[in-house]
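Q: Below are the structure tokens for one structure; questions will follow.
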Amino acid sequence: PSSEASSQGKRGADEKVQESKDIVVTSEDGITKIMLNRPAKKNALTFEMYKEIILTLKNASTDNSAIAVFTGAGDYYCSGNDLTNFTSAAGGMEEAANQGAVVLREFVNSFIDFPKPLVAVVNGPAVGIAVTLLGLFDAVYASDKATFHTPFSHLGQSPEACSSYTFPKMMGSAKATEMLLFGKKLTAREAWAQGLVSEVFPDSTFEKEVWTRLRAYAKLPPNSMRISKELIRNNEKEKLHAVNAEECTTLKARWLSEECINAIMNFVSRKAKL
Amino acid sequence: PSSEASSQGKRGADEKVQESKDIVVTSEDGITKIMLNRPAKKNALTFEMYKEIILTLKNASTDNSAIAVFTGAGDYYCSGNDLTNFTSAAGGMEEAANQGAVVLREFVNSFIDFPKPLVAVVNGPAVGIAVTLLGLFDAVYASDKATFHTPFSHLGQSPEACSSYTFPKMMGSAKATEMLLFGKKLTAREAWAQGLVSEVFPDSTFEKEVWTRLRAYAKLPPNSMRISKELIRNNEKEKLHAVNAEECTTLKARWLSEECINAIMNFVSRKAKL
Amino acid sequence: PSSEASSQGKRGADEKVQESKDIVVTSEDGITKIMLNRPAKKNALTFEMYKEIILTLKNASTDNSAIAVFTGAGDYYCSGNDLTNFTSAAGGMEEAANQGAVVLREFVNSFIDFPKPLVAVVNGPAVGIAVTLLGLFDAVYASDKATFHTPFSHLGQSPEACSSYTFPKMMGSAKATEMLLFGKKLTAREAWAQGLVSEVFPDSTFEKEVWTRLRAYAKLPPNSMRISKELIRNNEKEKLHAVNAEECTTLKARWLSEECINAIMNFVSRKAKL
């Protein structure tokens, strides 16, 4: 349903508006579609991808689309932060932590500030920041093959993307803690019951049903949708920015902690042995 | 179960306390019952009805009832704002928008400030402001024939009655946006799952079960209920007033926008052709 | 699965750390277990028990456990505040109300400020403050024999333990009011649907499944869990303290009201006649 195959080079509606390997952005039917396209790595996010998404959202804020949609190529939606962002950093962990906190804060801010309806089409498993970011989306449609996993404690880390605020607000602390502190993995149905997901679809009809619906939504009066979202978001925009700043500061310290470094080293070396 | 047939004229408990055509107010068993009574128009709210409800809630604040209950006459609970409030306004749309925003703000404030338990008995479909207001009620009982529909974007409008705050707080943004921006219509069961409705009853036993329960609740110590509600409401009363003001300002501008005027004209002319 | 039978007298891990009749505190596998142990009175809380729990939480804040867990001995989790705290007070109701409000505020503050993951293992019925406090826990596991009942209005009282804030936030006002104002008793499954309970287990396997899970959680990096909880709690710690203060002031006045005194006298004399 997207237009990856459409003509390129010119800027405009119904055309591919940005060239990239790991992020594919297309525009059609009033929808800016942002596809994470690193399927061999389960769409894990590199520093470059964070930066590219910041630019993509900036462009989508003012293009002629009515809504913006994130999805993933392949079986995964997104496996979260690529841990080699840390282990392969030229300046070592401290430099990586400093740089990472700056990029992360700007990245999350671009979601807080995005002015149009923002929809996630969760085609498969979501991990870490790919899950926590959903609290900043306006609607989340999930295949019944999707799962939602935030193993922050297991990796010696702490929640980000304002999830320390949005998750307890959305689902209550009894359920937010199971995810954010204890790393409980949720099925799509469980994520729906807890308010993280708007609706779950059978995987076999997922793409068809969701995109049909999204094309209909994209035809609604765009100013009304933008202004209604602004009303909703303004109730907590200041709070969200403060939470994001605090989470990034906390996470930077976590990244340099023994708990975190040991956990990441174990994770990466286990992967390397496979 | 109400006392519409009881003697009239005298002010007091267990009697009809206010005379009107479109709003019928009765008092019995410690309950002030406010019935929207314009069934030929699906209980759509005229400017006059807004003003009458403001007065009714003011009276009910200090009468000898323990709780107040809204319900609708006929098959509908309430089809929302009567769009002829705009198209039939003597001074044209601009005058109607100015007047409408003032009345709406005072109307919603009277729900924010109402000091006793406020219950909605949703006997059938609810639309627009009849839905959004439910976020300011203390309990909502619904027939399984009830539906909940807020097609604001379809009409070029934006959310009111503090729903830009109460709905995301109650159900998370993934579900609030589907209602408030995308105009998704909910069944009673869906509204229950999302916290908007306290309990759903089969239509056949709805009235009997709900009023039995309400009569029992109305016998509880009234000061305790009033003071407990005050504790709860005070946590966000200031915020609710600020949200209401902002929503009314936004909606006034919407009413004068091309998107909205076109949508309302289309809606009214479609109706006229039927 | 706990170590009540373990050696006593020395302070340290895997040992009984505090001596008491009505509160039994043990430490094992990184878990501080706090058991309400007054089964003949359904674990109702006396003034002494409130004070003991304050001290216990203070100790558990800095001991070498990763998490702290509350549970009840016998069939009940906890039947709430022991009403003889009022009727048996030496200085009469006024003295009891003053003292009660001071102790309650400090008691609730010790839950607001507790820095580690705090889990409730709800083995049976919970009443009153044993229910409202759950809004300050990080996870709540319930047997399917558990029930959740807050008959504040029936006793002429008002909500405490920040539930006037946490319950509407968690479940929306349509459901919070049914509990806090109308005294509706919830099953474990209903409490789960409304976000008060993290997960419900069949009573036959409850203890085994829950403690297996808790022992696994207690092995996660403790600093990550503590810091993640701090991030979450800091978003509303100031608000929670303010709500607690307001609730205690309100409740002190309630305790001296005619509605409340009559309700408690009726309750105690009914009990005495059995």
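No lab work stands behind these numbers, since they all come straight from the coordinates. Since we're looking at a predicted model, the values are computed, not measured. Cβ placement follows ideal geometry from the backbone for every residue including glycine, while neighbour counts extend to all protein chains displayed.
Q: Apply 1/(1 + (r/R0)^6) to the Cβ-Cβ distance of A:LYS51 and A:GLU238, taking R0 = 22 Å, and write down the FRET efficiency to the nearest 0.05.
A: With a Förster radius of 22 Å, E is 0.30.
Q: Residue by residue through segment C:146-158, which ³J(HN,Hα) values in whole Hz follow from phi under the Karplus form 6.51 cos²θ - 1.76 cosθ + 1.60 (θ = phi - 60°), with glycine and proline marked x?
A: 6, 9, 9, 9, 10, x, 5, 4, 4, 9, x, 10, 8
Q: Since chains B and A are linked by a rotation, which residue in B has the beta carbon closest to its axis, and how far is it in Å?
A: In chain B, the Cβ lying nearest the symmetry axis toward A is B:LYS169, 4.
Q: To continue, here is another question. With +1 assigned to the C-beta of every Lys and Arg and -1 to the C-beta of every Asp and Glu, and no other charges, what is the dipole magnitude of segment A:125-274 about the Cα centre in debye, to the nearest 20?
A: Working: 20 positive and 16 negative charges, 58 e Å.
Rounded to the nearest 20 debye, it is 280 debye.
Q: Moving on to the next point. Which whole-number percent is the relative contact order of chain A (Cα, under 8 Å, 6+ apart)?
A: Details: 517 pairs, mean separation 47.3, N = 274.
Relative contact order comes out at 17 percent.
Q: Non-local amide H neighbours of B:ASN81 (under 5 Å, H modeled in plane, Pro and chain starts lacking H): which ones?
A: Amide H to amide H, under 5 Å and 5 or more residues apart or across chains, B:ASN81 pairs with B:LEU45, B:ILE129, B:ALA130.
Q: Sticking with this one: Given a cut-off of under 8 Å on Cα pairs at least six residues apart, what relative contact order in percent is computed for segment A:57-159?
A: Values: 143 pairs, mean separation 33.3, N = 103.
32 percent.
Q: Same structure again: Rounded, prolate or oblate, given the Cα gyration tensor of segment A:182-274, with a/c below 1.5 counting as rounded?
A: Oblate, since a/c reaches 1.5 and b/c is not below a/b.
Q: Sorted from shortest, what are the nm distances separating the label point of C:LYS239 from equivalent points in the other copies, each placed 7 Å from Cα along Cα to C-beta?
A: 0.4, 0.4
Q: Cα centroid distance between segment A:80-106 and segment C:212-240, in Å?
A: If you average the Cα positions of each part, the centres end up 24 Å apart.
Q: Percentage of Cα-Cα pair distances in segment C:21-159 greater than 28 Å, rounded to whole percent?
A: The calculated P(r) of segment C:21-159 puts 13 percent of pairs beyond 28 Å.
Q: With +1 on each Lys and Arg Cβ and -1 on each Asp and Glu Cβ, how big is the dipole of the protein assembly as shown about its Cα centre, in debye rounded to the nearest 20?
A: 680
Q: Separate question: Can you tally the net charge around B:ALA101? Count Lys and Arg as +1, Asp and Glu as -1, for every other residue whose Cβ sits under 15 Å from the Cβ of B:ALA101.
A: Numbers: positive: B:LYS51, B:ARG105, B:LYS252, B:ARG254; negative: B:GLU94, B:GLU95, B:GLU106, B:GLU160, B:GLU246, B:GLU247.
Local net charge: -2.
Q: What nm distances, shortest first, do you get from the label point of C:ASP113 to those in the other copies when the point sits 7 angstrom along Cα to Cβ?
A: Listed shortest first, these distances are 3.9, 3.9 nm.
Q: I've got another one for you. Out of B:ALA253, B:ALA146, B:ALA44, any idea which swings most in a Gaussian network model of chain B, alpha carbons joined below 10 Å?
A: Between B:ALA253, B:ALA146, B:ALA44, it is B:ALA253 that shows the largest mean-square fluctuation.
Q: Follow-up. Per-residue HN-Hα couplings for segment A:72-85, Karplus 6.51 cos²θ - 1.76 cosθ + 1.60 at θ = phi - 60°, whole Hz, x for Gly and Pro?
A: Couplings: x, 8, x, 7, 9, 6, 5, 8, x, 5, 6, 5, 6, 3 Hz.
Q: Out of all DSSP beta bridges in chain B, what portion is antiparallel? Express it as a percent rounded to 5.
A: Within chain B, antiparallel bridges account for around 30 percent of the total.
Q: Once phi is turned into ³J(HN,Hα) by the Karplus curve 6.51 cos²θ - 1.76 cosθ + 1.60 with θ = phi - 60°, what whole-Hz value does each residue of segment C:185-193 show in order, with x for glycine and proline?
A: 8, 9, 6, 4, 5, 5, 5, 5, 4
Q: Once you've got the GNM for chain C with C-alpha springs shorter than 10 Å, pick whichever of C:SER228, C:SER110, C:SER65 has the biggest mean-square fluctuation.
A: C:SER228
Q: Under the rule of at least 5 residues apart or a separate chain, name every residue whose amide H is placed under 5 Å from the amide H of C:VAL122.
A: Hits under the 5 Å cutoff: C:TYR141, C:ALA142, C:SER143.
Q: 222 nm [θ] for chain C, helices only, -39500 (n - 2.57) per DSSP H run of 4+, per residue, to 500? Can you show the working numbers first?
A: Values: 11 runs with 128 residues, N = 274.
The helix contribution divided over chain C gives -14500 deg cm²/dmol.
Q: Okay, next question. Show the residues, 5+ positions off or on another chain, whose built amide H is closer than 5 Å to the amide H of A:THR147.
A: Under 5 Å from the amide H of A:THR147 lie the amide H atoms of A:ALA126, each far enough along the sequence or on another chain.
Q: Taking the Cα-to-Cβ direction at B:GLU95 and at A:ALA90 and moving 7 Å from each Cα, how far apart do the two end points lie in nm?
A: Result: 7.1 nm between the two label points.
Q: In the neighborhood of A:ALA174, defined by Cβ-to-Cβ distances under 10 Å, what is the net charge if each Lys or Arg adds +1 and each Asp or Glu adds -1? Numbers along the way, then the final one.
A: Numbers: positive: A:LYS175; negative: A:GLU178, C:ASP138, C:GLU199.
Spelling it out: positives minus negatives among the neighbours equals -2.
Q: About its Cα centre, what dipole magnitude does segment A:37-110 give when the only charges are +1 on Lys and Arg Cβ and -1 on Asp and Glu Cβ, stated in debye to the nearest 20?
A: I would put it at about 140 debye.
Q: Report, for the protein assembly as shown, the % of DSSP beta bridges that are antiparallel, rounded to 5.
A: Expressed as a percentage, antiparallel bridges in the protein assembly as shown total about 30.
Q: May I ask you to report, in nm to one decimal and beginning with the shortest, the distances from C:ARG215 to the same position in the other copies, taking label points 7 Å along Cα-to-Cβ?
A: Shortest to longest, the spacings are 5.6, 5.6 nm.
Q: According to the square roots a ≥ b ≥ c of the eigenvalues of the Cα gyration tensor, what is the shape class of the protein assembly as shown, taking rounded for a/c under 1.5, prolate for a/b larger than b/c otherwise, and oblate for the remainder?
A: oblate
Q: For every other residue with a beta carbon closer than 15 angstrom to the beta carbon of B:ASP82, add +1 if it is Lys or Arg and -1 if Asp or Glu, then tell me the sum. Before the final figure, lay out each step's value.
A: On the way: positive: B:LYS21, B:ARG38, B:LYS41, B:LYS42, B:LYS51, B:LYS271; negative: B:ASP22, B:GLU48, B:GLU52, B:GLU160.
Net charge in that neighbourhood comes out at +2.
Q: List the lysines whose Cα lies under 21 Å from the Cα of A:LYS273, skipping any in the same chain that are fewer than 8 positions away.
A: By straight Cα distance, A:LYS273 reaches A:LYS41, A:LYS42.
Q: Right, here's the next one. Can you tell me how segment B:116-274 classifies by the Cα gyration tensor, rounded, prolate or oblate, using a/c under 1.5 as the rounded cut?
A: The shape class here is oblate.
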